[in-house]
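The values are calculated or read from the model by the stated rules, or taken from the named source; none is laboratory data. Please read all numbers here as calculations on a predicted model, not as lab measurements. FYI the Cβ positions are ideal-geometry reconstructions off the backbone, even for glycines, and counts take in every protein chain you see. Only protein heavy atoms, including side chains, enter the accessible area calculation; ligands, DNA and RNA are left aside. Shrake-Rupley method; radii C 1.70, N 1.55, O 1.52, S 1.80 Å.
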Amino acid sequence: MKPPSFAYARPGSLAEAFDLLERHGEDAKVLAGGQSLIATLNMRLSSPAVLVDVTGIPGLAGIAAAKDKVRIGALTTHRAVERSAEIGATLPLLAQAARHIAHVAIRNVGTFGGSLAMADPAAEWPACCVALDAELVLASRAGERRVKARTFFRGLYETDLKPGELVTAVEIPVPGKDHRASFMELARRVGDYAIVGVAALARAGAGKSGKALTDVRLAYLGVGPTPMLATQAMAAAEGKPAADAAAAAQAALDRDLKPTADLHTSAAAKMHLARVLTGRALAALAA
Amino acid sequence: MNARAELPLHAPGTQVDKGYIGQSVPRENAKRLLQGRGSYIDDLRFPRLAHVVFFRSPHAHARIRKLDLAQAARQPGVIACFDGRAVAEYCTPWIAVLGHLKGIKSAPQHPIAIERACWQGEAVAAIVAESRAQGEDALAHVEAEWEELPALTDMRESLAGKYVIHPDLGDNVCFKRELVTEGFDAAWAKADIVVEESYKFGRHTGVTLEGRAILADYNAADHSLTVYHNTQAPHMMQDIFSRHLGIPEGNVRVVCKDVGGSFGIKVHVYADEMATAAISVMLRRPVKFVADRLESFLTDIHAREHEVTVRLACTKGGDIIGFDLDDLTAIGPYSVYPRTSGIEGNQVVNLTGGPYRHKHYRAKMHVVFTNKNLTCQYRAVGHPIAMALTEAIVDRAAAEIGLDPAEFRRRNLIPDDAYPYSEFPSGIKFERLSHHQCLDKLLALMDYKELRAEQAALRKQGIHRGIGLAAMIEVTNPSPAFYGVGGARISAQDGATLRLEPTGMLTVMCSVTEQGQGTDGIFAQIAASAVGVTLDKVRVITGDTGVTPYGGGTWASRGAGIGGEAVLQAGRALRSNMLDVAAAILSADKAELDIVGNEVVNKLTQEPKLSLAELGRIAYFRPDTLPPKFQSELTVTRHYTPRDYAFTFTNGIQASLVEVDPDTGFVKLLKHWCVEDCGTVINPMLVDEQIRGGVVQGIGAALFEECLYGPDGQLLNGNMADYLVPMCGEMPDIVVAHVETPTKQSALGAKGAGEAGTAGAPGAVMNAINDALAPLGARVTVQPATPERILEALGKV
């Protein structure tokens, strides 16, 4: 449990970071909070020659709320998101999800951008960003580009990030006043990776037959190689009162999710639990 | 508390402080440990210290075709590399059998595997380097070629002999035992009701905060070996290092330092630790090995893994006639030295049906080899299995008859006035238990009737709560019947030396060890009470074969009951010697004197006569002022071995309240109760926390912990993320209460308390889950009861 030796660099600016990444190419790994990376080094699952610690680069942490969107700097810790009054007011989905991320000690160090770049399919932030239709700001020597969360996650631990590119911020559109959010997950123990989780969002308005759910969004974690946006289930639920929406979404969910078993839970049990959470989340949205 | 009346430390009728027995005083070492000022093996710094890392088999069963250490030996910082043959030149192999476990067999085990590895994680080469990191770097340069052999991972296939792991042994059966009481068939035939069920108990392990650690320092100048070792049994290890390394016992010293938890994990002989000691001899320098967390999961002993079918016969009135047990358990490729891996299964046979007064019993038990990590004694050895299957089948019988589970137990628990009780069908004997007092206390404590009413009301709202009971007995204070009679050089006796220092301070040296559980604290309480000093005057030293009396150490809930009695007897003797000195100094009659609060006082008037500091000053520095021929003896040693009973059984009962979510299979633990009887309670706070910690480990077995192996014998979850130890987020409030029935075998009256929580909790939780599931027509009989297993039982997946 000792990491192989590595060189360590702590750039003071993005330009310096780009230099380092260019110079070392695939031998370099970006270190932010280190809550996943350090464990993989200690277990010798990864042996980069250089760690580029980006936590010394100014301007990459912090939460800025504008009228219709919130910008979260890549180095903002999970804990800062959890405790932010602005997030609580504008993006309650994130506030709900934050307390499910590991343990407080980890949330104090782990970063929002790091979680997205890591792209663990069982992590909370990627699913939330997909549900909220967030946009990632990626920077490289060539400049900045923006990628929707819904296309950023390509596969298991695989993203749209190109060599030499860093996640610098995430911009999240603030849902309308009538939108409700519900984040739920099932984990064996507090802080464990969830067996399955759902980031759910919808407008709960007065429909013809009581409260109907519109703009339904359901993104799942722990049930696929990436965060899974359940488009079929979303379409099935759209415009229906909560009870009907739940039944319809549950029935359609097979077409969205093809979970594989984890160590403790079979694919069939995961699918069952995803349906249960779907029903509960949609009920919570309409409550 | 009646315990104090049982402990006449002072003359009756005198108004004196009755001592610290029964008081929740904080233990002395807690502050030091919490301030990070403990001193563990990994904290030691030695000149020329070398670090050993092990190249471990990636396969569950494979022949070593080629093992080339040349490249590894050339890596920076590498001092030496050894294979199994090289180390075997310095350390003899062992075979773990015991004479009283008739027919038990195992194969010779070497410190480092030779020719063949039998489980994933078995060490096949050692690399010694200037630092641990350099050693780990060099591991990547070991060249090994393997011929994979069939891996036997299923215990039924092992029993059937699909392959034979050690062909010389003939089959895969390490140990078997059969037992049937006279008249079993005839009695069974008269039963009105027979219930039968099969249970599976997962394999798990005890996760200690501090990993296994050893620093062996061989000194060639005087052919001596000092081993700093976080073991529970330093004298046992002294004997083993001596015999297997060929060093006279008197030249071997084992020192424990602080130990960060053990739970039975650290009471065994580990091949990699023996290799570390041998390598210190080979290199003539200090060598350290600290198991990292991944190694701990692969090589710290595992435990449990049983498949059991049990039947219970009873009358339609609800009287239990007997139990019929068939237990199968798998232990990995070797029986663990020197306690053997036959004990857990043996305990299941001994303890099944334990709390009840039935007369008939039939048991069959097989212990088989597999190609997984070794299993051996872990906290509560066999009890969690025996208690859970007994209590589960008892609930089945109660349900069949239509009796409330509490009522059914009340009907069948051995009556409190039936002791001494020698009629238990497995042959174990009970000195005095208090099952009915404990049951009554538990039902009152949890407000059982009210809980049942609430449960019924909530069921109507679709909320599924369950209440589970588990009565229990526990083996504590073992006599030589446990190991000694079987030929193992493991002491059932312990000793304590007490020394009054010239300043009036008291030094206690005891052969029982401190693993973080507070032994030192209770020894201080007993010593202070027995001698008549305040607690701040006492210092306790344990865990050093060069210093303490000879003894067994810490295992089988024996520290308080055996070590504590040795301390008490030594304290009484020292107090008497101190009074002799005082009488000589004061020219008074010894019978008129007492020692209270660091002073010699007049027994009747309590008038202070002499401080202990003054007594010490005169005894040590001015003995010339004492009467001619008077010699003070202010250091006293006493020993204690339980002799009247093979084991001093304790008893108790636990209850669990859970809520099951039938849609998700998740279990919420709402509350847990434990009423137990460990005899004299020396420190209520420590006992309560021992019970709570034990309950949490039992809950781990019931709901969370399981070493998962693939069909190829690969451990799938050997890390802290995937192996689910119970954590505070899920734990319920645990209410603890006591009944005190001191053992008459000792003056202290203490029985063990360390394992009761672990013994009873799995059964209580399993019964609670099944009580919650009952209206849904489902039962879970596999531990841990994962959400998936509960959903399967409900037919939802």
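If we keep just the residues of region B:353-363 that are assigned to a loop (DSSP other than H, G, I, E, B) and among the charged types (D, E, K, R), which is surrounded by the fewest Cβ atoms within 10 Å (Cβ to Cβ)? Spell out the reasoning first.
Keep residues of region B:353-363 that are assigned to a loop (DSSP other than H, G, I, E, B), which gives B:353-355, B:357-359.
With among the charged types (D, E, K, R) added as a condition, the list becomes B:357, B:359.
Numbers: B:Arg357: 18, B:Lys359: 15.
Per the criteria, the residue is B:Lys359.
Only one of these is of a type in the set (S, T, N, Q) and within 20 Å of B:Ile522 (Cβ to Cβ): B:Thr641, B:Thr605. Name it.
B:Thr641
Assigned to a helix (DSSP H, G or I), away from chain A (no Cβ under 12 Å), open to solvent by 10 Å² or more (accessible area, probe 1.4 Å) and not hydroxyl-bearing (Ser, Thr, Tyr): is that true of B:Gly729 in this structure?
no
Failed condition for B:His738, given (1) open to solvent by 10 Å² or more (accessible area, probe 1.4 Å); (2) in contact (Cβ under 8 Å) with a residue 40 or more places away in the chain; (3) within 10 Å of chain A (Cβ to nearest Cβ), with all others met?
Checking B:His738 against (1) open to solvent by 10 Å² or more (accessible area, probe 1.4 Å); (2) in contact (Cβ under 8 Å) with a residue 40 or more places away in the chain; (3) within 10 Å of chain A (Cβ to nearest Cβ), the one that fails is (3).
What number of residues within region B:410-439 satisfy the criterion of being small (Gly, Ala, Ser) and over 25 Å from B:Ala737 (Cα atoms)?
The qualifying residues number 3.
Please indicate, with yes or no, whether at least one residue in region B:418-437 is part of a helix (DSSP H, G or I), crowded, with 24+ Cβ neighbours inside 10 Å and touching a Leu at 6+ places or on another chain (Cβ under 8 Å).
Within region B:418-437 (the criterion being part of a helix (DSSP H, G or I), crowded, with 24+ Cβ neighbours inside 10 Å and touching a Leu at 6+ places or on another chain (Cβ under 8 Å)), the answer is yes, since at least one residue qualifies.
Rundown of residues vs (1) at negative phi; (2) surrounded by 24 or more Cβ atoms within 10 Å (Cβ to Cβ); (3) in contact with a helix residue (DSSP H, G or I) (Cβ under 8 Å, 6 or more places away or on another chain); (4) within 14 Å of chain A (Cβ to nearest Cβ), yes/no style:
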site	(1), (2), (3), (4)
B:Thr92	yes, no, yes, no
B:Lys105	yes, no, yes, no
B:Cys118	yes, yes, no, no
B:Glu122	yes, yes, yes, no
B:Val128	yes, yes, yes, no
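Considering only residues that are assigned to a helix (DSSP H, G or I) and in contact with a Lys or Arg (Cβ under 8 Å, 6 or more places away or on another chain), look in region B:364-397 and name the one that is farthest from B:Lys105 (Cα to Cα).
Selected residue: B:Val394.
The rows are residues; the columns are (1) under 23 Å from B:Tyr620 (Cα atoms); (2) polar (S, T, N, Q); (3) open to solvent by 10 Å² or more (accessible area, probe 1.4 Å).
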position	(1), (2), (3)
B:Pro502	yes, no, yes
B:Phe523	no, no, no
B:Ala530	yes, no, no
B:Thr554	no, yes, yes
B:Ala566	no, no, no
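Consider A:Leu136 carefully, then state whether it is crowded, with 23+ Cβ neighbours inside 10 Å, more than 29 Å from A:Ala268 (Cα to Cα) and not assigned by TED's automatic domain parsing to the domain that holds A:Lys258.
Here the answer is yes, as A:Leu136 does meet what is asked.
Does any residue in region B:207-222 that is more than 20 Å from B:Val267 (Cα to Cα) come within less than 8 Å, Cβ to Cβ, of a residue that is hydroxyl-bearing (Ser, Thr, Tyr) and surrounded by 15 or more Cβ atoms within 10 Å (Cβ to Cβ) six or more places away or on a different chain, and which pairs are these?
Note: pairs meeting the criteria are B:Asp217/B:Thr226; B:Asp217/B:Tyr228; B:Asp217/B:Ser280; B:Tyr218/B:Ser224; B:Tyr218/B:Ser280; B:Asn219/B:Thr226.
Select from region B:743-797 the residues that are of a type in the set (A, V, I, L, M, F, W, C), in a helix (DSSP H, G or I) and away from chain A (no Cβ under 14 Å) and list them in ascending order.
B:Ala756, B:Ala759, B:Ala761, B:Ala764, B:Val765, B:Met766, B:Ala768, B:Ile769, B:Ala772, B:Leu773, B:Ala774, B:Leu776
Only residues that are open to solvent by less than 20 Å² (accessible area, probe 1.4 Å) and at the interface with another protein chain (Cβ under 9 Å from one of its Cβ atoms): list them for region A:256-269, please.
A:Thr265, A:Ala269
Scan region B:545-565 and tell me whether some residue there is assigned to a strand (DSSP E or B), in contact (Cβ under 8 Å) with a residue 12 or more places away in the chain and under 27 Å from B:Leu34 (Cβ atoms). Reasoning before the result, please.
Taking region B:545-565 as the starting set, the residues that turn out to be assigned to a strand (DSSP E or B) are none.
There is no residue in region B:545-565 that is assigned to a strand (DSSP E or B), in contact (Cβ under 8 Å) with a residue 12 or more places away in the chain and under 27 Å from B:Leu34 (Cβ atoms).
If B:Leu715 meets every condition in (1) over 28 Å from B:Gly121 (Cα atoms); (2) open to solvent by less than 30 Å² (accessible area, probe 1.4 Å); (3) more than 22 Å from the chain's Cα centre (by Cα) apart from one, which number is that one?
(1)
Please give the number of the condition A:Ala131 fails out of (1) out of contact with any strand residue (DSSP E or B) (no Cβ under 7 Å at 6 or more places or on another chain); (2) of a type in the set (Gly, Ala, Ser); (3) closer than 26 Å to A:Ala269 by Cα.
Tallying (1) out of contact with any strand residue (DSSP E or B) (no Cβ under 7 Å at 6 or more places or on another chain); (2) of a type in the set (Gly, Ala, Ser); (3) closer than 26 Å to A:Ala269 by Cα, A:Ala131 fails exactly one: (1).
In this structure, is B:Ala271 in contact with a helix residue (DSSP H, G or I) (Cβ under 9 Å, 6 or more places away or on another chain), over 20 Å from B:Ala701 (Cα atoms), among the small types (Gly, Ala, Ser) and surrounded by 24 or more Cβ atoms within 10 Å (Cβ to Cβ)?
It is true that B:Ala271 is in contact with a helix residue (DSSP H, G or I) (Cβ under 9 Å, 6 or more places away or on another chain), over 20 Å from B:Ala701 (Cα atoms), among the small types (Gly, Ala, Ser) and surrounded by 24 or more Cβ atoms within 10 Å (Cβ to Cβ).
For region B:633-672, how many residues meet the condition of being outside any loop (DSSP other than H, G, I, E, B), open to solvent by 10 Å² or more (accessible area, probe 1.4 Å) and not β-branched (Val, Ile, Thr)?
Going through region B:633-672 one residue at a time, the tally reaches 11.
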